[in-house]
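To keep things clear, I will list the structure first and then write my remarks on it.
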Amino acid sequence: MGALFPLARESVSRTTLPGSVRAPGAARTFVRTALTGRSAAEAFEPVALDERSIDDAVLLVSELVTNAVLHAGTRVEVVCRLQPGDATADEGDTMGQPAETPSPADPPRRPGIVVEVADLHPASTVYGGPETQRRGRGRGLQLIGALAESWGVTYHRTRKAVWFRLDAERAVPESDAIPTKALGRELRFAETLAPVTPREQRDPTADWIDRGGPSFLAEASELLTGQLDENMVAALAGQLLVPRLADWCAVWLTTPSGGLQLARVWHSDEHRIGALRLSLERHPPPTGLGSAGTSWPWPGIADSQGGSAVCFPLIAHGRSHGALLIGRAGVPRMAEGVVRLSEDVARRVAQAVATARQYTRQATISRALQRRQLPMSIAHIPGVDSAIVYEPHGEGQTVGGDFYDLFPMGDRRWCFLLGDVQGSDPEAMSVTGLARHLVRLLAREGHGVESVLNRLNQALVEEDAEAAEIDGEQSRPRFLSLLYGELEPDPEGGSARCTLASAGHPLPLRLTTDGTVAPAASPQMLLGIDENPDFHADTLDLAPGETLLCVTDGVTERRNGVRQLDDDDGLSDILRDCVGLGAKAVAERVRRATYDFSPEPIDDDLAVLVLEAVPTVEPPRAP
């Protein structure tokens, strides 16, 4: 071929595509438009851009973008550059030249098309490159090696770019012989795409993987993400892989003792699941399985024509969580695309199992700790009807910042408390446990209401001071509101003597039999604020039929717009309508009214304690 005319100027087109299944198609359209549009025609005038070069560029950019979306998972940047050449260059000038990274400042001697695909994952492996080819997988860069004049990979601090260059040759008339270089390129292309076995050539799964692989992985990730039960993860793995990638699938999960337990078996033919499970249970994979895609003996399944099986370890964060085994009937060797895509699914299954197990461990620890924050049982008080409503706000929590207790102090005296710690995080829950147990200890040592509050306040102040020394500015004081009291029922008269104090807590309300509602204690400061407070107690007698209502601020501060439930004595109005109701009915009425006050969900812990003096019913005497 003779000398080429110099191109008028270099033309550069750029686009950024999302890391989704639509990216390869958008990249193909972008490159074809860049090479056939007006800017390309002006740049290459008077050189005619070869149709074969355009098709090759479209094919290769599709492969690179698919590779980036599948393995990097970030958005993709595509640059198509039409580079001018020297006027004296001929076809033999570039033969044997080393591949160089294209640079506008140092253009190649011949006119060319340079396409660069960059993802934002600088540390990820280039699949199809030398490292993955040694393991027998990846064809995207083999295509580039077969079709491109030169190509390379450039690692930047924040991204990784794979580029290739194609010669912009004149169109060759159909009557001319095909040049030797073009013929060799086409033969290498055909060899690269040649099927490994006749079965693989006819296997529709290979075509499906090329078209739907990225969307399938996206679906798998969405289904597995957020699953907090490892057995559900194993079940989803089987449903994902069968029958799209395999005829059957089995998932083993590691046990606490370090062994493997067959968690799930899935088969496209339901009647074969039982026989497959029996066969697999006899021959589990080793716990130390360390390489991905290990060929596995076909299990002895009755009425099975045999096939190929591959085992994948479920490894996440450097730890084995089990193994995944898949099988395809009627094939001597599983197709490379099936193995590669199944390996990607196995990695996602392993991560989902690890996440589910971490959540289970944390939930178990949390439940064990929370069980100690609240009383195991509530004392029964002769002559006093009691009821408690307790609803922590935190999702999945049995204990929040609110807490309660009702316990005996000998035969004639009972103690009750209702408290609220600032916040609802684990630190707040630890304060609830400290306060409840300390109150019980102090009460059983003979301390009265005032002494209990004073000593509890001292303990909280000292706790905050020690935390400040250790954590510095990160530490913050934990204030506590507490309603604490003692009850001494009178079995003969049906009344109950109540001594109580409210430290920064919503005041308890007393409901008499004639419907009068009034506060039953005087307001005092929160616990944990002052080192030397002087708490005092109030005393009252609950007559038969009278009720004492104690709530936390989750009730009184329930909002509906700018209004709160207890504005204008709203809680008193609710209690006033409870004349004649028992303790449990009063507690439920208050709970229901709290929910009904606003259409918005409850956004705080909710605690209600009701005590009602009732006359003791003595059995009738024999005549």
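The values are calculated or read from the model by the stated rules, or taken from the named source; none is laboratory data. On a predicted model such as this, the values are computed, not experimentally measured, just so you know. Methodologically, a virtual Cβ is constructed for each residue, glycine included, from the backbone with ideal geometry; neighbour enumeration extends over all protein chains shown. Accessible surface is based on the protein model in full, side chains and every heavy atom, while ligands, DNA and RNA are left aside. Shrake-Rupley method; radii C 1.70, N 1.55, O 1.52, S 1.80 Å.
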Accessible area of Trp266 in the full protein assembly, 1.4 Å probe (Å², nearest 10): 80 Å²
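Could you tell me the relative contact order of segment 224-269? Use alpha-carbon pairs under 8 Å, at least six residues apart, and round to a whole percent.
On the way: 56 pairs, mean separation 15.8, N = 46.
Once normalised by length, the contact order is 34 percent.
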Cut-off under 5 Å, modelled amide H: who pairs with Ile315 long-range: His321
Ranking by accessible area, most exposed first, for Leu166, Leu236 with a 1.4 Å probe: Leu236, Leu166
Segment 224-291: C-alpha gyration tensor shape, a/c 1.5 cut-off, then a/b vs b/c: oblate
Percent carbon-and-sulfur accessible area, segment 507-592, ignoring ligands, DNA and RNA, probe 1.4 Å: 46 percent
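How would you order 58-70, 429-441 from highest to lowest mean count of nearby Cβ atoms within 10 Å? If you can, show how the numbers build up before the last one.
Numbers: 58-70: 23.6, 429-441: 19.2.
In descending order of packing, they fall as 58-70, 429-441.
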His283 accessible area, assembled protein chains, probe 1.4 Å, Å²: 120 Å²
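Does segment 491-587 come out rounded, prolate or oblate, given a ≥ b ≥ c as the square roots of the eigenvalues of its C-alpha gyration tensor, rounded meaning a/c under 1.5 and, failing that, prolate meaning a/b above b/c? Write down the numbers at each step before the final one.
Numbers: a/c = 2.58, a/b = 1.12, b/c = 2.29.
Oblate.
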